[in-house]
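Every number in this text was worked out from the coordinates using simple rules, so none of it is lab data. Just so you know, these numbers come straight off a predicted model, no measurement behind them. Here the Cβ positions follow ideal geometry from the backbone for every residue, glycine too, while neighbour counts run over all protein chains shown.
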């Protein structure tokens with residue numbers, strides 16, 4: 001008998017029919033003797049419907065009231081799931097964040113979990129109940145309802161798994177695991193049986209939105225094994241493992257990640273002096289714009305070009321900041337380009353395998369893709385390329401690293 | 001500066017546009033210096049939508065989970081109203097039943113309020129805020145969400161008014177007050193400036209569904225002045241007063257109430273012995289069927305007929321019970337008739353004015369309406385008639401008691 005935390009996302013509980021299917025799955029699992037805590041998101045579309053109502057009233061609704069509003073979404077789906085289980089003869093109870101209690105700080109709409117009281121969870125489990133918990137929400141010290149921000153239900157599930165020391169945290173979603181790359185781009189993309197937290201973090205931050213970034217960080221920090229599974233078909237999914245040592249014969253590269261959501265800004269002809277990077281990026285950071293890849297050219301006659309990438313959503317704000325500061329920086333002009341994309345090879349194996357960069361650059365060069373910027377970390381190499389070459393580059397890299405389904409690169413742990 | 005509790009029903013907050021209109025009204029009132037506690041229902045249709053989702057899953061959903069589900073409706077409307085007030089520069093905060101706290105017993109879906117803690121209400125009011133409270137919901141001693149049953153938002157408002165000792169409880173609705181009778185039946189129906197709790201109770205129990213019966217009982221018990229007003233147009237509404245002595249020159253009759261929702265059952269030829277009424281009505285009561293008017297004919301040769309009325313919804317169940325018991329009661333047969341209606345004249349004035357019954361019976365006889373059953377109380381006379389004569393009877397009585405708008409029967413207090 002194991003204690004398992006399961007999380008079902010909005011698509012998985014998006015209609016009564018789907019809620020009933022989830023109840024079938026839980027009832028079957030419960031009958032096997034495992035204790036289950038089930039975290040649910042709001043029915044798909046519901047959170048957006050509620051935010052839409054608020055935005056009809058105000059462009060900047062009070063975060064406290066917005067949390068009061070959107071936290072109803074999970075309350076609806078969890079009550080319906082409880083009813084559906086009860087109909088099947090499974091004793092079940094739904095609990096709001098405040099009833100658990102999932103204690104958070106008071107930053108409405110982006111609260112962080114401080115502590116989870118497991119007393120009631122254990123009491124209900126001991127009484128033989130399936131405990132259904134509202135994802136995405138918590139309660140602060142003053143009893144105010146808080147939400148964890150988008151994707152927060154994954155974080156709720158992982159935090160609950162840590163609080164009750166669960167054997168595994170299973171994230172049910174609309175895909176059947178983590179793939180070597182997006183199957184919509186590469187036909188031969190393969191499901192990974194396992195991946196490390198570090199690799200998953202890099203994949204997630206690149207736009208592989210199977211899991212919310214924060215929940216992966218959280219799971220890694222507390223060493224909670226997380227499994228990504230499909231709500232709609234049976235299968236082993238992908239296990240995100242605590243420790244790469246668990247992976248026998250780890251492959252060099254776990255996958256190819258990519259992100260279209262980047263834009264590039266260049267400050268042309270700034271003085272090549274110490275501190276110029278800070279002078280440019282300081283105001284950007286103050287405006288809460290995150291910078292990704294940074295490139296400073298070698299100076300020529302005391303002048304240099306300074307290039308960095310931001311999220312496309314932030315491009316116009318970043319442009320305005322550069323425009324404001326151009327004269328005080330002594331720059332000649334600024335330029336921007338939103339027709340770029342980032343492609344990354346990710347894998348803990350590259351720590352011990354030389355030549356990953358060489359293989360990557362050769363593969364891109366062979367298909368004629370020019371690299372505009374390069375950024376590396378211990379387990380990742382990213383390049384910025386023209387957006388129109390994105391699919392071409394991903395396919396070439398997927399093949400070059402032996403990840404195609406019919407090739408030898410076995411990813412089984 | 002007065003402390004006022006206001007309640008806005010589902011129709012009044014049924015769309016963003018209407019919520020904005022309610023916010024306008026509250027902002028204007030708040031600017032006058034009064035302290036306001038505002039109770040809201042769910043947006044019209046929302047509670048039914050949620051119950052519909054539950055009924056797709058189960059015919060008898062667990063009441064605890066049903067409360068968890070439907071209590072979200074008020075949480076949505078109160079958050080939207082708070083945002084709408086904040087946009088107008090009015091400091092506002094919304095509170096769930098558990099946050100107030102509105103303490104109830106644990107009878108889910110029909111909980112009764114035990115106690116209201118006014119500490120937080122007074123704190124928020126003292127901070128200059130308009131306090132918006134979710135109607136219809138409370139919390140039990142175990143922290144479980146409860147609901148008060150349909151119409152419970154009126155009860156929430158009256159109970160809050162009692163808890164904070166409010167000067168007045170204002171119920172905003174889609175009518176502009178209580179009328180002498182249904183204006184859809186009698187063109188000359190007049191809005192009453194005031195009415196006593198006892199009269200309002202009789203009017204409400206007759207199908208004048210301006211206010212929920214339980215809230216009127218509650219207001220009468222605690223002596224909270226209640227005013228019924230329109231959300232959509234300005235006007236003084238109708239004051240439901242604590243004490244009839246406040247009404248100078250109370251009119252004889254406050255209004256003509258009626259109810260189409262009755263059905264009549266007759267047990268024919270039962271033995272005319274003591275206890276026969278109990279033997280017939282006992283099983284009816286055990287089946288939770290409420291009996292309204294009762295008539296036992298004078299016996300003839302030791303046999304009598306026993307007639308009573310029930311709600312039409314309960315008719316088929318009541319018929320089945322009579323059928324089951326007919327032989328043991330020694331009755332000859334039973335009959336039923338659902339084509340009946342009840343018409344009542346209501347008024348505290350009839351206590352001191354003789355001749356009300358005579359006026360009523362003469363008026364009905366003049367238009368050829370036959371009375372099948374008669375029932376009286378201190379402030380009400382009801383008659384059961386054929387349903388097809390209902391409008392005719394109501395108009396005749398409205399006129400006979402001088403209630404028509406162009407007549408002298410002034411109802412001003």
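Of note:
- Distance distribution note for region B:39-114: the fraction of Cα pairs above 19 angstrom is 45%.
- DSSP bridge analysis restricted to chain A gives an antiparallel fraction near 60%, rounded to the nearest 5.
- Axis-nearest residue of B (beta carbon) for the B-onto-A rotation, whole Å: B:72, 2
- The gain in end-to-end length when the residue B:115 to residue B:294 segment is fully stretched comes to 60.7 nm, 0.36 nm per residue minus the alpha carbon separation.
- Per-peptide average of other Cβ atoms within 10 Å, ordering A:222-230, B:254-262, B:26-34 highest first: B:254-262, A:222-230, B:26-34
- Here the mean projected area of the convex hull built on the C-alpha positions of region A:15-59 is 4.0 nm².
- Extension gain (nm, one decimal) between residue B:311 and residue B:48, 0.36 nm per residue minus Cα-Cα: 92.4 nm
- Take each residue of peptide A:58-67, count the partner chain Cβ atoms within 10 Å of its Cβ, and average: the result is 5.
- For residue A:357 and residue A:287, a Förster radius of 35 Å and the Cβ-Cβ distance give a FRET efficiency of 0.55, rounded to the nearest 0.05.
- Chain B - Rg over Rh from alpha carbon coordinates, Kirkwood radius: 1.02
- Per-residue packing, averaged as other Cβ atoms within 10 Å, sorts the ranges A:353-359, A:174-180 into the order A:174-180, A:353-359, beginning with the highest.
- Between copies, the label points of residue B:399, set 7 Å from Cα on the Cα→Cβ line, lie 9.5 nm apart, reported in increasing order to one decimal in nanometres.
- Rounded to 5, the percent of DSSP beta bridges in the protein assembly as shown classed as antiparallel: 60 percent
- Whole-angstrom gap from region B:75-99 to region B:265-304, using each part's C-alpha centre: 54 Å
- The equivalent ellipsoid of region B:94-141 has semi-axes of 22, 10, 6 Å, largest first, where each one is the square root of 5 times an eigenvalue of the Cα gyration tensor.
- Ascending list, in nanometres, of distances separating the residue B:234 label from those of the other copies (7 Å, Cα toward Cβ): 7.1
- Sorting B:303, B:7 by the number of Cβ atoms found within 10 Å of their own Cβ, with the fewest placed first, yields B:303, B:7.
- Annotation: the residues A:12, A:156, A:365, sorted from fewest to most other C-beta atoms within 10 Å of their own C-beta, follow the order A:365, A:12, A:156.
- Divide the volume of the convex hull around the Cα atoms of region B:159-226 by the residue count and you get 85 Å³ per residue.
- Expected 222 nm ellipticity per residue - DSSP helices of 4 or more, -39500 (n - 2.57), all of the protein assembly as shown, to 500: -10000 deg cm²/dmol
- Here region B:3-174 has an Rg and Dmax of 15.2, 49 Å, counting Cα atoms alone.
- Percent of beta bridges antiparallel (DSSP, region B:3-174, rounded to nearest 5): 25 percent
- 10 Å Cβ neighbours from other chains, averaged over peptide A:69-77: 5
- Residue exposure sequence - B:83, A:373 - by fewest surrounding Cβ within 10 Å: A:373, B:83
- The residue A:386 and residue A:126 beta-carbon pair, evaluated with R₀ = 60 Å, returns a calculated FRET efficiency of approximately 0.50.
- Using a 7 Å Cα-to-Cβ projection, residue B:296 label spacings across copies, nm, ascending: 10.4
- Shielding by other protein chains, A:89-102, mean Cβ within 10 Å: 2
- Across the alpha-carbon set of region A:335-400, the Rg to Rh ratio works out to 0.97, Rh being the Kirkwood radius.
- According to the calculation over all Cα-Cα pairs in the protein assembly as shown, the P(r) per 20 Å bin from zero is 13, 33, 29, 15, 7, 1, 0 %.
- Size check on region B:261-413: the Cα extents along the three principal axes, sorted descending, read 56, 31, 30 Å.
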